[in-house]
1. Which net charge results when you count Lys and Arg as +1 and Asp and Glu as -1 among the other residues whose beta-carbon is under 14 Å from that of A33?
2. Extending each Cα 7 Å along its Cβ direction at E3 and Q17, get the distance between those two points in nm, one decimal.
3. So how far apart, in nm, are the two label points at D61 and A33 if each is 7 Å from Cα heading toward Cβ?
4. How do 37-44, 50-57 rank on mean C-beta neighbours within 10 Å, highest first?
Amino acid sequence: MAERDIVTIVWHQLDDQVVLFYAEGEPDHLVGAQPVVAELARSVGLKITPTPPGTIRWDRDVGASKLHDKT
């Protein structure tokens, strides 16, 4: 199975919900603790971007955040 290219990760404080957005295909919805998700984001080269309280978002670049404004 080929590894998918993660471009954005959104972590929701409520219930530790995580959404992984890929360069291609549908996003994955997971559950994960914030420190683990932060390490994943760091390991794939994502940078934290501004979000409302209760969420944390990491993006590959500024353009990637515009692709996923539904979160």
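1. Numbers: positive: none; negative: D15, D16, E39.
Residues near A33 contribute -3 overall.
2. The two pseudo-label positions are separated by 2.9 nm.
3. Each label point lies 7 Å from its Cα, and together they span 3.5 nm.
4. Working: 37-44: 15.6, 50-57: 11.9.
Descending mean neighbour count gives 37-44, 50-57.
Since every read-out is calculated from the coordinates, none of them should be taken as a lab result. All figures in this text were calculated on a predicted structure; none of them were measured in a lab. So basically every Cβ, Gly included, is an ideal-geometry build from the backbone, and we count neighbours across all protein chains shown.
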